[in-house]
Amino acid sequence: MTASEVFGDDRPDRDNGDDRIIRESGIDARIAAIILPVMRGIGFRLVRVRLSGQNGLTLQIMAEREDGTMTVEDCEELSRAVSPALDVEDPIEKAYHLEVSSPGIDRPLVRKGDFATWLGHLVKMETSTLVAERKRFRGRITEVNDEGILVLRDVPAYGEEPSVQVPFDTIAEARLILTDDLIRDALSKDNRARKEAKKNQDETDEAFDEDDAEDGNEHEAN
């Protein structure tokens with residue numbers, strides 16, 4: 001099931017380009033606001049921004065293409081694109097190292113559609129408020145709707161229900177848990193996306209070639 005099948009186009013803040021349900025705060029939020037228009041303009045989606053004290057000061061921008069892929073070349077392209085905007089706005093007072101990366105296989109889940117995409121896989125989550133007397137959950141995503149997700153607990157405690165409904169508006173952090181099944185599924189999705197992207201590019205190139213040929217014929221006729 002795809003995200004569009006679950007949610008259609010009725011997702012939060014689509015107009016400003018940020019349809020994430022889990023977002024940054026403070027300086028990270030300011031950085032996200034600066035780079036989002038740039039990213040959207042060249043076909044990238046923001047996953048997460050995090051400024052940390054690693055290696056002095058590191059700004060990590062985690063991103064992906066609309067189809068979920070993210071190559072080394074994509075990371076380099078995005079780094080070159082957002083650097084001028086960050087230089088102009090200058091949100092970070094100290095010197096920092098910019099690091100652009102893919103979400104990885106055990107990726108953060110930040111959009112409603114992410115949970116639908118990875119239905120059936122193990123996830124660990126933290127909520128901002130108590131849900132079923134807990135704030136931390138680990139289990140398998142068994143159902144996704146517009147309000148939240150149903151998680152089958154990995155190891156339920158004595159007296160707990162095996163499954164728990166977690167509303168989207170309570171989720172503060174969520175990440176996939178690395179398993180053999182996840183690795184296989186992630187690689188399969190990535191291969192399909194790359195093949196589809198190549199097919200679309202070939203069709204685009206073919207259309208351009210046909211246009212060039214028609215232009216050449218018109219010049220000859222004149």
Any residue that is modelled with pLDDT under 95 and touching a helix residue (DSSP H, G or I) at 6+ places or on another chain (Cβ under 8 Å) - is there at least one of those in region 68-80? yes
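Step by step: first the residues of region 138-167, then only those that are of a type in the set (Val, Ile, Thr) and modelled with pLDDT of 95 or more, then the one that is surrounded by the fewest Cβ atoms within 10 Å (Cβ to Cβ). Which residue is that? Break it down stepwise before answering.
Of all residues in region 138-167, those of a type in the set (Val, Ile, Thr) come to 141-142, 144, 149, 151, 155, 164, 166.
Cutting the leftovers down to modelled with pLDDT of 95 or more gives us 141-142, 144, 149, 151, 164, 166.
Details: 141: 24, 142: 13, 144: 22, 149: 25, 151: 26, 164: 19, 166: 23.
Per the criteria, the residue is 142.
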Scope region 85-121; condition touching a Leu at 6+ places or on another chain (Cβ under 7 Å), surrounded by 20 or more Cβ atoms within 10 Å (Cβ to Cβ) and not in a loop (DSSP other than H, G, I, E, B); matching residues: 100, 115
Consider residue 170 carefully, then state whether it is farther than 26 Å from residue 19 by Cβ, touching a residue at least 24 places away in the same chain (Cβ under 8 Å) and surrounded by 13 or more Cβ atoms within 10 Å (Cβ to Cβ). no
If the Cβ limit is 7 Å and pairs must be 6+ apart or interchain, which residue in region 86-98 that is modelled with pLDDT of 95 or more pairs with which residue that is open to solvent by 100 Å² or more (accessible area, probe 1.4 Å)? 91/30; 97/55
Among all residue pairs at least 6 apart or on different chains, which show Cβ distances below 7 Å where the first residue, located in region 126-145, is over 13 Å from residue 170 (Cβ atoms) and the second is charged (D, E, K, R) and open to solvent by 60 Å² or more (accessible area, probe 1.4 Å)? 138/124; 138/154; 139/154
Taking the condition exposed (fewer than 15 other Cβ atoms within 10 Å of the Cβ) and under 21 Å from residue 106 (Cβ atoms), does residue 135 pass? yes
Within region 24-48, residues buried (at least 16 other Cβ atoms within 10 Å of the Cβ) and either in a loop (DSSP other than H, G, I, E, B) or modelled with pLDDT under 90 (or both) come out as 24
Please determine whether any residue of region 183-191 is open to solvent by 40 Å² or more (accessible area, probe 1.4 Å) and more than 21 Å from residue 47 (Cβ to Cβ). yes
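Does residue 197 meet the test of being touching a residue at least 60 places away in the same chain (Cβ under 8 Å), open to solvent by less than 90 Å² (accessible area, probe 1.4 Å) and either in a strand (DSSP E or B) or of a type outside the set (D, E, K, R) (or both)? Talk me through it step by step, then tell me what you get.
Working: touching a residue at least 60 places away in the same chain (Cβ under 8 Å): yes; open to solvent by less than 90 Å² (accessible area, probe 1.4 Å): yes; either in a strand (DSSP E or B) or of a type outside the set (D, E, K, R) (or both): yes.
Taking the combined requirement at face value, the residue satisfies it.
The values are calculated or read from the model by the stated rules, or taken from the named source; none is laboratory data. A quick note: this is a predicted structure, and the numbers were derived from the prediction, not measured. Note that we place each Cβ from the backbone using ideal geometry, even for glycine, and neighbour counts take in every protein chain shown. Side chains are part of the model used for accessible areas, which takes the heavy atoms of the whole protein and leaves out ligands, DNA and RNA. Shrake-Rupley method; radii C 1.70, N 1.55, O 1.52, S 1.80 Å.
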